[in-house]
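Quick note: the coordinates plus some simple rules give every number you see, no bench work behind them. Since we're looking at a predicted model, the values are computed, not measured. Here the Cβ positions follow ideal geometry from the backbone for every residue, glycine too, while neighbour counts run over all protein chains shown.
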Amino acid sequence: MKRNHLLSLALSAAVCAGMLTGCNGGTPSSSTAGGSAAASGDTIKVGILAPLTGDAAQYGIAASNAAKLYFDQVNTSGGINGKSIEYILLDEKGQAADAVVAYNSLLEQGVTAIVGDVTTAPTIAVAVESASANMPLITGSATAAAVTVDPDTNTVRSNVFRSCFIDPFQGEKMASFSKEKLGAKTAAVLFNSNIDYSVGLKDAFIAKAQEIGLEVVATESYADKDSDFKSQLTNINAKAPDVLFCPDYYQKVALIAPQAKEVGLTATFVGGDGWDGAIEAINDSAMIEGAYYCSGFSADDTSEAVQKFLSDYKAAYNSDPNMFAATTYDAAAILADAIKSAEEAGLTPATDEYKAAIVSAISATNKDYVTGHFTFDSNNDPVKDAVIIKIAGGKYTFDCKF
Amino acid sequence: MRQRFEIPMPVRYLVNGVLIVLLFLLGQFMISAGILSSYFQKILLQVGVYIIAAVSLNMATGYLGQLPLGHAGFMAVGGYTAGIFLKNFPIKGLPAFILAIILAGIVAGIFGILIGIPALRLKGDYLAIITLGFGEIIRVILLNIDTVLGFKFTGGAAGLMGIPKYTSFPAVYICVVITCLFIHTMMKSRHGRAILAIRENEIAAESCGVNTTYYKTMAFTASAFFAGVAGALFASYLGLLVPGDFGFMKSIEILVMVVLGGMGSMLGSVLAAAVLTIVPFALQSISQTVADYRMVIYSVLLIVVMIFKPSGLLGTYDFSLTRIIEGLINRAGIHDGVARKGEQSK
Amino acid sequence: MLLLSQIINGLQLGSIYALVALGYSMVYGIIMLLNFAHGDIIMVGGYVAMLTIAAGVHPLLAVVLAVLACVLLGVVIDKVAYAPLRSSPRISLLITAIGVSFLLENLAQNIWGANARPFPNSAIIKGATLNIGGVHIGTTAIATIVVSILSMVVLTFLVQKTKRGKAMRAVSEDMGTAQLMGINVNSTITFTFAVGSALAGIGSILYCCTYPQVSPTMGSMLGLKAFVAAVLGGIGSIPGAMVGGFAIGMAEVLVRAVGLSDWTDGVVFAILIVVLLFRPTGLMGRPMTEKV
């Protein structure tokens, strides 16, 4: 018995010791891919934060893949000012606490800017933490208004930017679109009360709908882990709305649409950019035929940049990029361009002046990227057109710019 | 038979006190000297929070022998209490932080009583289910209370943002020490023996005159209180709380720490909490592929430990420095003079 | 009309819960274990069906394969993880079950990815929605309710009328005495796991046809709800599991129907707590007497 105790103790001590050495000795997985980078050997360190495991992993993997892809391309084409970009990707498991730790790890390794985070709560946690270092932070997918503006003090977080739409924008757009283009008189909303994104879009949609005289006849909600929506849909069906606004991600959409058909609902589906990927996620795309959602880009877009992004992403990861990938690709591109201007000013990476130069360069962005033409407003949110995508014939088709 | 040497009580306290102070100074020195970077400091703070959570759960699981599956719920209650208090209390700084921690513990403790009295009437599996249910209900309430109240209280799905960040190494260290000390002394007291008696055999304990309901509720409440403290530290560490962080999975995570460390071993809980918090970060710095399989490794470990050593890695072993010193002195045989003194002081 | 539609929704959801709850209940009745991994067996069943259909196997055969995979998995889990712990404290057994559940979920995530994948439901159940006087009833709903009730009838026959069933009842009554009477306890336990997992397999197919998506964590919430249903009905009791399943399904649907969907989970657990407090062994459970 005694020996057993000692053995266990020794074992745990060994584990502990091994772990500590692991901690000190290991170097985080980083990469300076793209061998043809300039000969000077200088690198610019950039961090990527994303959930690679856990519930949000599917979004984090797509987003981080896109950022990696962009930086690899920059390196292959000679880097920035002769320096290659060394990116350090850290997994934060979708947890704010882990994101804060990961941010400190990046800070310590001397990164000069960060692409990320992916979901709202970790992004806000990192935004708060990074303010003191004025670390340039650009997220491709955290849509909540509070990411760039502190809601308590109403001050803009000067170092935090995003390349995606903010929640209120999309909700308002889709309300106007339903009224003006679809000629809807009544609308119903079915939203996910557990995620910020869905609640934000819903609030904006309803507010705008009241303003423009679109009657919201039913508002129903569900929890994130639910898979049965028939009772809500039955209630909605009883009110026979013209459109059903359903602001959630593609996987939930893939569950909601068939059940809506089953209860006999005929309303037109309307959604936000989370819908991107719905065709792949659903077994029978006839279920969402005729649905409209707003998006940052259209795969139909024949512009060279969009087509190149689509084919590059497909070649690198053997899957089609979703919205997360597209906006994060742009986030990386905007950041790389800002780094370029900091380099041109002759500053040294990771210094305070360098970071300040990146921040001011990002705010001055005025250029075309994959998801549209970017400028940033005073809240550090992008000003760009929304594209309305229609699902027709089992494909995402460009409907209009709105 | 030779007389066994025993260190007299005051000296024991002194030895342990010195040890605690030394460890604290070591930590402080490493931080101020820059040996521990901000990255390690952040991990260290998380380790502290999880140690408190695990040690407090160990009270209900290891010592009382129940299986609550809603420990994260108490953390959530404590965290939100502290967060809302810190955001709205007019005085800022250390006094507010101390008050917030105490308040968080008390509110979580009250929830502990409220949940404990009905739940502890049930046994074993049913208790597990009912605490699981309460944990989920707390999460649902945190998510939806705002729409019922009509004003901003918990922040709903968006979370509670802008909590002042006060959690520091000394604060966490002191809380860990107080938690461990309190639970340790409680378990060594008459109440502790009653709690252990309930674990061993509830009916026998009851027939010996132990008020089982009272002691069960007491242990459960103490467990909830310290979970609340852990929640408060976590809230002020992160500055942001979302209800999703305190789901069933978090409860299980803390339970895994207690179980792997050894149910009924405080040292086990402390070590397991530290190891299981640090390992994912360490794994990531070695290889992302290994880090991806982290959860698979955890679950296999959990099953294997349960099959081959159901009482956990350390069983009910608890570390005692004075016992080790005593053992050494006894083995060396230099005990004669002091031994009698020890005898007298009994 | 609206109420009738909602009741049918409730029946459909409830019948799936009932099928899954039966598995929980049977296993608990015989070895007093809350088999946390039961929900994840359902997940594996869903993936097997999806992957075999995608590989070109005939849908009917795929369904059979999925059910067989569930049975096999259930039995293997029992032999590998639970059997060595028969004489251990209950808490260890419970934690092992949690471990198995975690293992299955995370393995699935590593093997098949974290993404939810579409399930080819139309390959298994075809047909449009029937509109009977304004009440919409899907073919899936009808199939689900019919198959569930059929399974329950077969199960009741199995437990009440066959020799195996008699053995099961005897073992759950008193394992030691059953052994003395010449009943092979181990094979009876294995048989119980097999039957419970087969029900999980059937439940899995019905679930995936109704909610055409498979994901690594799909079993956890379904498992939890079904488990609540089993406890509510009186864990260890077969009719109890059916009643519990329908009760939870109906309760969820009605809570949502009156517009309180945000509180559904809260209400479900609150019902459970209230019932447990007044009837600690559930609605139809046997009163437990503790032996000293």
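General remarks:
- Computed Rg/Rh of segment B:203-308, alpha carbon atoms with Kirkwood Rh: 1.06
- With one equal scatterer per alpha carbon and no solvent term, the Debye-computed log10 I(q)/I(0) for segment A:59-164 at 0.13, 0.21 1/Å reads -0.46, -1.14.
- Each of the peptides A:265-272, C:164-171, C:57-64 was scored by the mean count of other Cβ atoms within 10 Å over its residues; in descending order, highest first, they stand as A:265-272, C:164-171, C:57-64.
- The Stokes-Einstein estimate for chain A, based on a Kirkwood radius over Cα pairs and taken at 37 °C with 0.692 mPa s viscosity, is a diffusion coefficient of 147 µm²/s.
- Lysines whose Cα lies under 21 Å from that of A:LYS181, excluding same-chain neighbours fewer than 8 positions away: A:LYS173, A:LYS202, A:LYS208, A:LYS384, A:LYS390, A:LYS395, A:LYS401
- Ellipticity estimate at 222 nm from DSSP helix runs (n ≥ 4, -39,500 (n - 2.57)) divided over the protein assembly as shown, nearest 500: -20500 deg cm²/dmol
- Percentage, to the nearest whole number, of Cα pairs in the protein assembly as shown over 49 Å apart: 26
- Long-range lysine pairs (8 or more apart or interchain), chain C, Cα under 30 Å: 10
- Cβ-Cβ distance of A:THR351 and A:HIS373, R₀ of 45 Å, FRET efficiency by 1/(1 + (r/R0)^6): the value works out to about 0.90.
- Ellipsoid equivalent to segment B:37-315 - semi-axes via the Cα gyration tensor, in Å: 28, 24, 18
- Other residues whose C-beta falls under 11 angstrom from the C-beta of C:MET221 contribute a net charge of -3, scoring Lys and Arg +1 and Asp and Glu -1.
- Neighbour counting of Cβ atoms within 10 Å sorts the residues A:SER311, B:SER265, fewest neighbours leading, into A:SER311, B:SER265.
- D_trans [Stokes-Einstein, Kirkwood Rh over alpha-carbon pairs] for segment B:1-58, 20 °C, 1.002 mPa s, µm² s⁻¹: 150
- Across all directions, the average flat footprint of the convex hull enclosing the Cα atoms of segment C:137-235 is 7.6 nm².
- Per residue of peptide A:219-226, the mean number of Cβ atoms on other chains within 10 Å of the residue Cβ is 6.
- Separation in nanometres of the label points that stand 7 Å from Cα toward Cβ, at B:VAL21 and B:ALA33: 2.0
- Taking 0.36 nm per residue of separation and subtracting the Cα-Cα distance, full extension of the segment from C:LEU158 to C:HIS58 would add 33.1 nm.
- Ratio of Rg to Rh over segment A:147-186 (Cα coordinates, Kirkwood Rh, two decimals): 1.21
- Segment A:322-376 - percent relative contact order, Cα under 8 Å, separation 6 or more: 36
- Nitroxide proxy distance, nm - points 7 Å out along Cα→Cβ at B:LEU14 and A:LYS395: 8.7
- With a 10 Å cut-off around each Cβ of A:150-161, the average count of Cβ atoms from other chains is 1.
- Full-stretch length increase - B:VAL290, B:ALA332 - with 0.36 nm per residue and alpha-carbon distance subtracted: 10.4 nm
- Residue order, fewest to most beta carbons within 10 Å, for B:HIS184, C:HIS38: B:HIS184, C:HIS38
- Using R0 = 25 Å, the C-beta based FRET efficiency linking B:HIS184 and C:SER88 works out to 0.35.
- The coefficient of translational diffusion for segment C:2-278, derived via Stokes-Einstein from the alpha carbon Kirkwood radius under 20 °C and 1.002 mPa s, stands at 112 µm²/s.
- Where N is the number of residues in segment B:1-125, Cα Rg divided by 2.2 N^0.38 Å: 1.43
- Share of Cα-Cα pairs in segment C:71-129 lying beyond 20 Å, as whole percent: 50
- Reduced Cα scattering model of segment A:167-295, Debye log10 I(q)/I(0), q = 0.14, 0.15, 0.16 Å⁻¹: -0.50, -0.58, -0.67
- Sorting A:THR139, A:THR43 by the number of Cβ atoms found within 10 Å of their own Cβ, with the fewest placed first, yields A:THR43, A:THR139.
- FRET efficiency estimate (nearest 0.05) - Cβ-Cβ, B:PHE319 to B:LYS92, R0 45 angstrom: 0.70
- Charge tally in the Cβ shell below 10 Å around A:THR371, where Lys, Arg are +1 and Asp, Glu are -1, A:THR371 excluded: -4
- 3J(HN,Hα) along segment A:65-77, derived from phi through the Karplus expression 6.51 cos²θ - 1.76 cosθ + 1.60 where θ = phi - 60°, amounts to 4, 5, 5, 4, 4, 5, 5, 4, 5, 4, 5, 4, 8 Hz, with x in place of Gly and Pro.
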